[in-house]
There are 2 protein chains.
Amino acid sequence: MSSEMMDYKTIRDEKVVEIEKILTAYLPKEEGFQKIIMEAMAYSLMAGGKRLRPMLMKETYEMFGGEGDLIEPFMAAQEMIHTYSLVHDDLPAMDDDDLRRGRKTTHVVYGEDMGILAGDALLNFAFETAAKAFDMYPEKSLEIGKAIQILGKKAGIYGMLGGQVVDVKETGHQVEKDVLDFIYAYKTGALLESCMMIGATLAGAKPEEIAIVEQIAAKVGLAFQIQDDILDVTSTAEVLGKPIHSDEKNEKTTYVTLFGVEEATRIEEEVSHEAIGLLRSLPGENAYLEWLLNSLIHRKK
Amino acid sequence: MSSEMMDYKTIRDEKVVEIEKILTAYLPKEEGFQKIIMEAMAYSLMAGGKRLRPMLMKETYEMFGGEGDLIEPFMAAQEMIHTYSLVHDDLPAMDDDDLRRGRKTTHVVYGEDMGILAGDALLNFAFETAAKAFDMYPEKSLEIGKAIQILGKKAGIYGMLGGQVVDVKETGHQVEKDVLDFIYAYKTGALLESCMMIGATLAGAKPEEIAIVEQIAAKVGLAFQIQDDILDVTSTAEVLGKPIHSDEKNEKTTYVTLFGVEEATRIEEEVSHEAIGLLRSLPGENAYLEWLLNSLIHRKK
């Protein structure tokens, strides 16, 4: 491991601590007759994780010269949306998972009814949190409005939720490449696009620059998913921390089942190369962001 | 029935038709691999109903001199939020209802997983829909931002969802008056407050006027709920269209169990009187809105 990589990992860990402080600050106080729902929201939001989405948002914001705390309510809102999707995915009627990152899932701790309501509460509170920016910077209301549009679109039926719908619908079926690309782009890519686009928008980036960061995020999201497909057949359960060959077992269509490992690897490299090329074409500079995107693409687990 | 009442009922029916046109216009196109979720959203949103919330919003908007279509995305958004709450309330883990207004509930038609996702989709799309106003009237971005803050707060843990949480938590228990008031104020009152406050906000009403319409809606919501409690013991199943004495059967705490019919009626009259008094204290005038609020308070079913 080079010392530069070592440094970036230390920086990343420090950034995670900073982000968790912001998330905690934006969580609702645990009080009132409805206190249990605030507890369930905190339980699910503060369950650890890489905090990749708020990190991507902040780094993009800074790359375009954004300063100050305008970005913070959106960082918290985006992580709340990511978390609500996990809480609802884990429900008995969906994936029926009892554990996530080694902890009991929200509906196991609080009951299935409160699990549904906690997800709803996080989604709703995400928009309330983002909308706090109007009080902080009323003179930036139009930019904040644009950022809320992105937050909504990329989380909903034209984003993450749309991908989830198709993934649920096609579970157990072989799918064509266009359907697989849809699921990857919407279910995973859309929130990454949201993060980078909101960061750019709130920093005052030009429309053509926002369009470029959308492309970068889409390509990183696709490379991330293809890497997932490749690791499932080339890694070991020890390194991956979960069973390998699970896609074959579940008869899932992946880039590996469609193209084989070699061609999937070539596609991933091409897409990654395009993403980094686009990032370098932008006026600002953020070496840490380039490292972060590369670490996502080339991750080993 | 007086001819004036007859006229108002005809006007109301015409207004419902207009509102349903607006709802239809703001629904997403049914297309793409995720088409099934748009179908489920339309199925639940266009299931009939009194369209009371968007109607209250528009009438308040007009009372304060609001003109044009700025209010329309918020009317649609508010009805989407009301509808998502019904879709999730009907789920097996919640009230487990198979029928609503004589039609199969959303999860019965589309499956439980799609029922959860359709509710999520409607809540998310509500904010996307409201945020369309930034494109329509960018010069009003700050007012639109304030309206989105109200929409979020009154639907979430400090509004409808907070009331639902306490209602679910206390099901089967006797509760004190302060808990009952909380449930009534939050579960029912909050969305009515949202409607009238958004209407006033987008019409450019003063903060003190917005505070008054919030009080009016809160009082109308409470009177509506007390009337519900009274009808359950004084009406007939024929008039009410549902079984009577259901509160007693379910051992529910109500204004009637706490105070008896006579005192509950007196409280309701007092609260209603205050609501109408506050309405008349406002500068604008809207005779239809006064009729509408009275019809809610004094309804027979």
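Going through segment B:256-301 one residue at a time, which ones are among the hydrophobic types (A, V, I, L, M, F, W, C) and outside any helix (DSSP H, G or I)? Full working, then the answer.
Taking segment B:256-301 as the starting set, the residues that turn out to be among the hydrophobic types (A, V, I, L, M, F, W, C) are B:256, B:258-259, B:261, B:264, B:267, B:271, B:275-276, B:278-279, B:282, B:287, B:289, B:291-293, B:296-297.
Answer for segment B:256-301, where residues must be among the hydrophobic types (A, V, I, L, M, F, W, C) and outside any helix (DSSP H, G or I): just B:Leu282.
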- prompt: Only one of (1) over 24 Å from A:Val168 (Cβ atoms); (2) of a type outside the set (Asp, Glu); (3) buried (at least 18 other Cβ atoms within 10 Å of the Cβ) fails for A:Thr254. Which number is that?
  reply: (1)
Segment A:31-60, subset under 19 Å from A:Val87 (Cα atoms) and of a type in the set (D, E, K, R), residue nearest to the other protein chains (Cβ to nearest Cβ): A:Lys35
message: Can you tell me which residue is farthest from the other protein chains (Cβ to nearest Cβ) among those in segment A:173-187 that are over 24 Å from A:Lys153 (Cα atoms) and surrounded by 12 or more Cβ atoms within 10 Å (Cβ to Cβ)?
response: A:Gln174
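How many of the residues making up segment B:85-137 are of a type outside the set (D, E, K, R), facing chain A (nearest Cβ under 7 Å) and surrounded by fewer than 24 Cβ atoms within 10 Å (Cβ to Cβ)?
Adding up the residues that qualify gives 4.
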statement: For segment A:256-280, pairs from a residue that is within 11 Å of A:Ile297 (Cα to Cα) to a residue that is of a type in the set (A, V, I, L, M, F, W, C) and modelled with pLDDT under 95, with Cβ under 6 Å and 6 or more apart or across chains, are A:Ser272/A:Ile297
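Just need a number here: residues in segment A:66-94 that are part of a loop (DSSP other than H, G, I, E, B) and more than 24 Å from A:Gly284 (Cα to Cα). Steps first, answer last, please.
Step one: of segment A:66-94, the residues part of a loop (DSSP other than H, G, I, E, B) are A:66-71, A:90-94.
Checking which are more than 24 Å from A:Gly284 (Cα to Cα) leaves us with A:90-94.
Matching residues across segment A:66-94 total 5.
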- prompt: Out of (1) in a helix (DSSP H, G or I); (2) without any contact (Cβ under 8 Å) to a residue 12 or more places away in the chain; (3) under 28 Å from A:Val179 (Cβ atoms); (4) not aromatic (Phe, Trp, Tyr), the odd one out for A:Lys242 is which?
  reply: (1)
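Go through segment A:121-235 and tell me which helices (runs of 4 or more DSSP H), entirely inside it, have 3 or more residues that are closer than 29 Å to B:Glu31 by Cα. Please lay out each step first, then the result.
Details: elements: A:133-136, A:141-155, A:160-170, A:177-183, A:190-202, A:207-234.
Result: A:141-155, A:160-170, A:177-183, A:190-202, A:207-234.
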task: Determine whether A:Ala147 is hydrophobic (A, V, I, L, M, F, W, C), under 25 Å from B:Val179 (Cα atoms) and more than 8 Å from chain B (Cβ to nearest Cβ).
output: no
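Looking only at segment B:95-109, which residues are among the aliphatic types (A, V, I, L, M) and assigned to a helix (DSSP H, G or I)?
So in segment B:95-109, the residues among the aliphatic types (A, V, I, L, M) come out as B:99, B:108-109.
Selection gives B:Val108, B:Val109.
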Subset tally (residues that are within 14 Å of chain B (Cβ to nearest Cβ) and part of a helix (DSSP H, G or I)) for segment A:14-30: 1
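When you look at A:Lys146, is it under 18 Å from A:Met197 (Cβ atoms), of a type in the set (D, E, K, R) and either touching a Ser or Thr at 6+ places or on another chain (Cβ under 7 Å) or touching a residue at least 12 places away in the same chain (Cβ under 8 Å) (or both), yes or no?
Working: under 18 Å from A:Met197 (Cβ atoms): yes; of a type in the set (D, E, K, R): yes; either touching a Ser or Thr at 6+ places or on another chain (Cβ under 7 Å) or touching a residue at least 12 places away in the same chain (Cβ under 8 Å) (or both): yes.
The answer is yes for A:Lys146.
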message: Report every pair of residues separated by at least 6 positions or lying on different chains whose Cβ atoms are under 9 Å apart, first residue within segment B:153-173 and closer than 25 Å to B:Lys249 by Cα and touching a residue at least 40 places away in the same chain (Cβ under 8 Å), second crowded, with 24+ Cβ neighbours inside 10 Å and of a type in the set (Asp, Glu).
response: B:Gln164/A:Asp120
- prompt: If you go through segment B:61-77 one residue at a time, do you hit one that is more than 21 Å from the chain's Cα centre (by Cα), more than 10 Å from chain A (Cβ to nearest Cβ), over 27 Å from B:Leu292 (Cα atoms) and surrounded by fewer than 24 Cβ atoms within 10 Å (Cβ to Cβ)?
  reply: no
query: Between residues in segment B:35-62 that are within 26 Å of B:Ala218 (Cα to Cα) and residues that are hydroxyl-bearing (Ser, Thr, Tyr), which pairs lie under 6 Å by C-beta distance while being six or more apart or on different chains?
result: B:Leu45/B:Thr83
Residues of segment B:161-172 classified as more than 9 Å from every other protein chain (Cβ to nearest Cβ) and under 18 Å from B:Leu222 (Cβ atoms), total: 1
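Would you say B:Lys104 is charged (D, E, K, R), within 20 Å of A:Gln149 (Cβ to Cβ) and more than 17 Å from the chain's Cα centre (by Cα)?
Working: charged (D, E, K, R): yes; within 20 Å of A:Gln149 (Cβ to Cβ): no; more than 17 Å from the chain's Cα centre (by Cα): yes.
When the stated conditions are applied, B:Lys104 does not pass them.
The values are calculated or read from the model by the stated rules, or taken from the named source; none is laboratory data. Just so you know, these numbers come straight off a predicted model, no measurement behind them. Ideal geometry is used to build each Cβ from the backbone, glycine not excepted, and the neighbour counts take in all protein chains shown.
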